[in-house]
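Enquirer: To start, I am sharing the structure in question, which I have written as structure tokens.
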Amino acid sequence: MENLHVTSNSGREIGTPAHMRALNQRLILSRLSEHGEASRPQLAAATGLSKPTVGQALADLEAQGLVRPAGMGPSKPGRAPVVYEIVSDAGHVVGIDIGRQQIRVAVADLAGHIVARIDEPNRCRSGSALLRTVLTCSERCVAKAGLAAEDVVVTVVGTPGVPDLEDGTVRRAPNLPGWERRGLLHELIAGLDHSGSIVMVENDANLCAAGEHAAGAAVGVDTFACLTVGTGLGMGFVLDGQIYRGTRGAAGEISDLAFKVSGTPGPASAEAAVAGQAVVAAAHDAGLTDVRSAKAVFELARSGDPVALEVVAQETIRLAFVVSAIIAILDPSLIILAGGIGSNADLLAAPIRTALAATTPVIPEIVAGQLGEDAVLTGAIATGLATAQELVFDTRTTNATNQ
């Protein structure tokens, strides 16, 4: 009978000393990445590993160029401990947020520090023009960081709609002219993959949720919904700490949810009922004919304008219907309001809860997102870092093993 050898993703046999060493190294690296510099005694206390095991893991990681001494810890009786940190420039991540008004690009090191950023107005009127602009912005940002293309390990792109890698199409992105062209997604990935880095394309609402989970209103919350309301309508849902995408990546695409607007024939879509143009149209119908944006309506409401306050009250009722559907299906512990309209939670959250109380037995906490316009970009960087750190670790440890 043949011996059965079970191997890990890195090719090491599970349960062998080499595999256990790699697990210990990964645990130490993860701790340093998430919590910052620490000494050997601190790492031992945090991970439950013995001090000799931590010392061996640190020695291995230092030899692989993944950690380095960062100085000495606080002086105590006896010798002060050496403090270690990850080698943050061992790899870099590019995050890209493609929005209707702005294109945002940032480069971060493995510690998550932003080393370069570019914000570019989106004036593109075709998918091809937008593609060229995104690729150019990415190249400029990498150069601004003083890096070469091969220094980028992972690139994460946030876009409206549902990325379909099979046919290279971004579906349901009507606010970006020409962005739904068949094959365009393949061109985007090929253009960003010139250095051999991994390219990930994700729905922007999902990345907004990932950003709030990593560094915003949902830190420490493992099941929540992030409702983005602005030019369009979307939702990212985090289940047990992970983005839930559904079977075809379309989970959270609530823009087409059937919605009956009083005085109109037949059902409309939820996006048509609550997104920016709907707020502006309602303001015009109410007599505020000079307003040109939802932002202007909310500013008037905040200043006490009675007509604008009535328009906002109407918006809260419609949003409450959307939120009630989310609660009934997903039962999140938290709902984050994000996007240009959602960011006005000071005017929206309490009235939404009041409206929900009439029909919904359990109402989750409803709060504003904390990251504002940087939420998608923050989520892109956080998503890229998780993959980049694993890739750099596997590459360095494999090279060390083969030497």
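Only the coordinates and a few stated rules stand behind these numbers; no lab work does. Not measured: the values here are computed from a predicted model. Cβ sites come from the backbone with ideal geometry, for glycine too, and all protein chains shown count toward neighbours.
Enquirer: So, in Å, what gap is there between the alpha-carbon centers of the stretch 281-320 and the stretch 102-177?
Expert: Between the Cα centre of the stretch 281-320 and that of the stretch 102-177, the gap is 34 Å.
Enquirer: Related question: Using only helices, what value at 222 nm comes out for the chain when you add -39,500 (n - 2.57) per DSSP H run of length 4 or more and divide by the total residues, to the nearest 500 deg cm²/dmol? Kindly include the intermediate steps, with their values, before the conclusion.
Expert: Values: 13 runs with 173 residues, N = 403.
Theoretical 222 nm ellipticity from helices: -13500 deg cm²/dmol.
Enquirer: On to the next question. Please list, in chain and number order, the residues 5+ apart from R171 or on another chain whose amide H is under 5 Å from its amide H, with Hs placed from the backbone.
Expert: Sorted by chain and number, the residues that satisfy this are V162, D164.
Enquirer: Considering the values (i) 223; (ii) 159; (iii) 208, which represents volume of the Cα convex hull per residue in Å³ as calculated for the structure under consideration?
Expert: Answer by label: (iii).
Enquirer: Exposed loop GluC sites (Glu not before Pro) only (DSSP loop, at most 10 other Cβ atoms within 10 Å): please give the longest stretch of the chain free of them, not including the sites. It would help to have the intermediate numbers written out before the result.
Expert: Numbers: sites that count: E2, E166.
Of all site-free stretches, the longest is 167-403.
Enquirer: Shifting gears a bit: Looking only at the chain, where both bridge partners belong to it, what percent of the DSSP beta bridges are antiparallel (to the nearest 5)? All intermediate terms of the calculation are to be shown ahead of the outcome.
Expert: Values: 35 of 55 bridges.
Close to 65 percent.
Enquirer: For the chain, modelled as a GNM with alpha-carbon contacts under 10 angstrom, which of D60, D119, D305 fluctuates the most?
Expert: Evaluated over the chain, the most mobile residue of the options is D305.
Enquirer: Antiparallel versus total DSSP beta bridges in the stretch 217-370: what percent is that, nearest 5?
Expert: Working: 10 of 18 bridges.
Roughly 55 percent of the DSSP beta bridges within the stretch 217-370 come out antiparallel.
Enquirer: Next up: Which of T289, T247, T383 moves the most in a Gaussian network model of the chain with Cα springs under 10 Å?
Expert: Maximum fluctuation in the GNM of the chain, among the listed residues, is at T247.
Enquirer: Are there trypsin sites (Lys or Arg not before Pro) in the stretch 285-344 that DSSP puts in a loop and that have at most 13 other Cβ atoms within 10 Å, and which ones? Before the final figure, lay out each step's value.
Expert: Numbers: sites: R292, K295, R302, R318; in loops: R292.
Within the stretch 285-344, the qualifying trypsin sites (Lys or Arg not before Pro) (loop, at most 13 other Cβ atoms within 10 Å) are R292.
Enquirer: Any chance you could give the angle, 0 to 90 degrees and rounded to 10, that helix 306-330 forms with the longest Cα principal axis of the chain?
Expert: For 306-330 against the chain, the angle is about 50 degrees.
Enquirer: For the chain, set up a Gaussian network in which alpha carbons nearer than 10 Å are linked by springs, and say which option among G48, G71, G342 fluctuates the most.
Expert: Sorting by GNM fluctuation, first place goes to G48.
Enquirer: Express in nm, to one decimal, how much length is gained between A281 and R68 on full extension, taking 0.36 nm for each residue of separation and deducting their alpha carbon distance. Present the calculation step by step, with values, prior to reporting the outcome.
Expert: Details: separation 213, 0.36 × 213 = 76.68 nm, distance 5.83 nm.
Taking A281 through R68 to full extension adds about 70.8 nm, to one decimal.
Enquirer: So how tilted is helix 127-144 from the main axis of the chain? Cα-based, degrees 0 to 90, rounded to 10.
Expert: Between helix and principal axis, roughly 40 degrees.
Enquirer: What is the sum of charges, Lys and Arg at +1 and Asp and Glu at -1, for the other residues whose Cβ falls under 12 Å from the Cβ of A44?
Expert: On the way: positive: R31, R40, K51; negative: none.
Within the 12 Å Cβ shell, the charges total +3.
Enquirer: Under a plain spin-label model, where a point goes 7 Å from the Cα along Cα-to-Cβ, how far apart in nm are I329 and H113?
Expert: 4.3
Enquirer: Here is a follow-up. Which whole-number percent gives the relative contact order of the stretch 217-370, counting Cα pairs below 8 Å spaced six or more residues apart?
Expert: On the way: 252 pairs, mean separation 38.4, N = 154.
It rounds to 25 percent for the stretch 217-370.
Enquirer: In nm, what is the difference between 0.36 nm times the number of residues separating D305 and A80 and their Cα-Cα distance?
Expert: Contour length minus Cα-Cα distance gives 74.7 nm.
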